[in-house]
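Working notes, beginning with the structure itself.
All of the numbers you see were taken from the coordinates with simple rules; none came from a lab. As the structure is a computational prediction, the values presented were derived from the model and not from experiment. Here the Cβ is made from the backbone with ideal geometry for all residues, glycine too, and neighbour counts use every protein chain on show.
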Amino acid sequence: MNSERRIRLWALIANVAQGGTVGVDHVCAVSVSATGVDAAAVAVTLRATPREVLYASDRTASDLEELTLTLGEGPCVDAITGGPDLIADLAAPQCRARWPAFAPAAVLAGVHAVFALPLQVGGIRLGVLDLYRARSGGLDGEQLADALALADTACAVLLDGGERDRSAPDEGRPEQVGSQHPEVHQATGMVTVQLGVTAAVALIRLRAFAYSHDRRLRDVAGDVVARRLRFDPTDDTPVGRAG
């Protein structure tokens, strides 16, 4: 990767950080301006647990990350195991065939292009930098090169592990969101016990229930944790029942 490009982008990130410790929110802010997209998010993935959204730049990014979490499909899922997934038009027939639930829902939410870039060190994938744009169309060569460099920077920030003091949050910037929804992890563990299945299967059951009832995964998980919803091992259908 061109060192001059890295230096230029790091200077932009440092400027956004205003002398503070650089975080993924600063990388997302520069990603939006450098690539001409409308929103950005960073999510991490851990084995046997759902993806965890560390930061979303606005409501659109948050909604799309929630959609990815609930449906378990989309460019931001495929980029974790494959290479960068650069989708210029989610309304295209091939996208609807590839992601029959995610693609139409994303378009309905006002997003037509998604650029998902894995955060990786060697063969290890830590997560993904997701870029969202309202209009269709791909990234040009310079924008893509910047996006790839920024994904590397986001990965380095995650590995560094530096956390800023959040005692006085910046009201002009959305807060990091990863720690605000631990109920998905808790619910996955509870359904694992209720059904006697693995965590991966429990998460699939939670997602199936959320999708079939047109609800957010985190809302369903909240009901499980609050014991308003219980999954029955004698029921073969992928739904829960109250009680």
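Table for the structure above
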read-out: Cβ-based exposure ranking for Tyr211, Tyr55, in which fewest neighbours within 10 Å come first; value: Tyr211, Tyr55
read-out: Amide hydrogen neighbours beyond the local backbone of Gln120, cut-off 5 Å, H modeled; value: Leu126
read-out: Region 13-111: C-alpha gyration tensor shape, a/c 1.5 cut-off, then a/b vs b/c; value: prolate
